[in-house]
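Have a look at the structure below, then the notes.
Here, each number is a calculation from the coordinates, and none is a lab measurement. All values reported here derive from a predicted model rather than from experimental measurement. Here the Cβ is made from the backbone with ideal geometry for all residues, glycine too, and neighbour counts use every protein chain on show.
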Amino acid sequence: MNRKEVEDCLDEIGMSLSLRAGLEGAWTDASAGQALQALVLEQSRKYDLTLEEKESLLEQLFNRFRRLDRLQPLMEDNEITDILINGSQKVYVERTGRLSATQIAFDDDHQVYALIQRICDQVNRQVNHANPMVDARLPDGSRIGAVLPPVALDGPVLAIRKFAARSYCLDDLVHMGTMTEEVATFLAEAVVQRRAIFISGGMGSGKTRLLNTLANLIPAWERIITVEDAAELRIAGEANLVRLEARPPNTEGMGEITMRQLVRMALRLRPDRIIVGEVRGEETLDMLQAMNTGHRGAMSSGHGNTAQDMLERLETMAMMAGLGMPAQAIRRQIGSALDLIVHLERRAEGGRQVVEIIEVLHWREQEPAIRQCYAREQP
């Protein structure tokens, strides 16, 4: 079959599926697969398809109606970490830290819009021209961000940050060049000693991966409460684990559960350790206060250009809570709450690397007293 015949067959079967109450509702994958198989056998007779062509057609249909259409092979490639769609004709992927264009393209912007709409339907989110931006998590844990026209000037935009298929240990990160063996040993000891660790870095610098790796070093007898905007942490083999995830408002603007509410709730759940996936705003103050109420060994992460810059950003974000606390009081909170800040950077060739670790001693009048524990040697 040529491409035109394939598309005609896909459209014809798709129309039949729509008439059968749709395949995107409450159907299971198994029942959907059976229905698709029957339709392929029924509809493909006129095209005189071979067995291989029928199997290929069945796979394309299943991906279209139950998965991510022509992006599904990219989702199944474990080397790909990000999938980026800029309009219908430009699909990029990040593989081993480097962006590259693919040969995949959609027929028009409507197909991209239909894909975004289908994804949002799966996670009970709404996106349309009145609400043209969405940030959500797929059932497998992958993060998506989408923007529709007219906000996106050159066609619908979709970005998928894939959920890691495996967890990493410190030895893996050493082998990957993320850190030295000395740094790995230092961080492992810091976790066991219940030191409060904050991980900073830019977008895609490996903060979540390192946070997840360190969280998996927490002794099994400790009770862990994780608080995340979108669940990304995978703490393996931990029986006494409670995972909390924020919730956006519904279409009526009701039902929102904020990070700040969850951090406060975590304190009522008898945690040994609290892990806040990433702080972006006023929940920072609640995290600092939790660290200062005897919950040693807490961990979190945030965006910062340097370790020193991260301290200043924490101050700014804590002040967003709007409780009228003076800056000096917030600085004292930071100084007494945090022990270590681990800063990562994304290298030009695509890898991630720990470039600095500082110890927060206390906060003077205007600036923190810190001690540099590690700094990467410049080449």
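Quick notes on this structure:
- I257 long-range amide H proximity, modeled H, under 5 Å: R247
- For region 140-276, the Kirkwood hydrodynamic radius comes to 17.1 Å, computed from all pairs of different C-alpha atoms.
- Ellipticity at 222 nm from helices only: DSSP H runs of n ≥ 4 in the chain, each -39500 (n - 2.57), divided by the residue count, give -11000 deg cm²/dmol.
- Full extension of the chain between Q103 and M254 gives 50.2 nm of extra length, using 0.36 nm per residue less the Cα-Cα distance.
- Sites R376 and E42 - FRET efficiency at Förster radius 45 Å, r taken between beta-carbons, to 0.05: 0.10
- Note on the chain: antiparallel DSSP beta bridges, both residues inside, total approximately 65 percent of the bridges counted.
- Packing-based exposure ordering (other Cβ within 10 Å, fewest first) of T50, T226: T50, T226
- Spin-label model, E182/N131: points 7 Å from Cα along the beta carbon direction are separated by 5.3 nm.
- Per-residue ³J(HN,Hα) for region 272-283, Karplus 6.51 cos²θ - 1.76 cosθ + 1.60, θ = phi - 60°, Hz, x for Gly and Pro: 8, 9, 10, 10, 9, x, 7, 9, 10, x, 5, 5
- For the chain, the relative contact order works out to 12 percent when only alpha carbon pairs closer than 8 Å and six or more residues apart are counted.
- For E189, net neighbour charge (Lys/Arg +1, Asp/Glu -1) across residues whose Cβ lies under 14 Å away: -2
- Pair Q122, E59: separation of 7 Å Cα→Cβ label points (nm): 1.8
- Exposure proxy order (Cβ contacts within 10 Å, fewest to most) of I358, I370, I330: I370, I330, I358
- Tilt relative to the chain, helix 307-319 - C-alpha long axis, 0 to 90 degrees, to 10: 80
- Relative to the longest principal axis of the Cα atoms of the chain, helix 3-19 runs at roughly 80 degrees.
- In plain terms, the C-alpha convex hull of the chain casts an average shadow of 22.2 nm² when viewed from every direction.
- A Förster distance of 51 Å, applied to the separation of the beta-carbon atoms of A327 and A114, puts the FRET efficiency at 0.55.
- The calculated FRET efficiency for E312 paired with E52, based on their beta-carbon distance and R0 = 56 Å, is about 0.40.
- Tilt relative to the chain, helix 181-192 - C-alpha long axis, 0 to 90 degrees, to 10: 80
- Rg/Rh, computed from the Cα trace of region 170-375 with Rh as the Kirkwood radius, has the value 0.95.
- Ascending count of other beta-carbon atoms within 10 Å, so fewest first, for M176, M254: M254, M176
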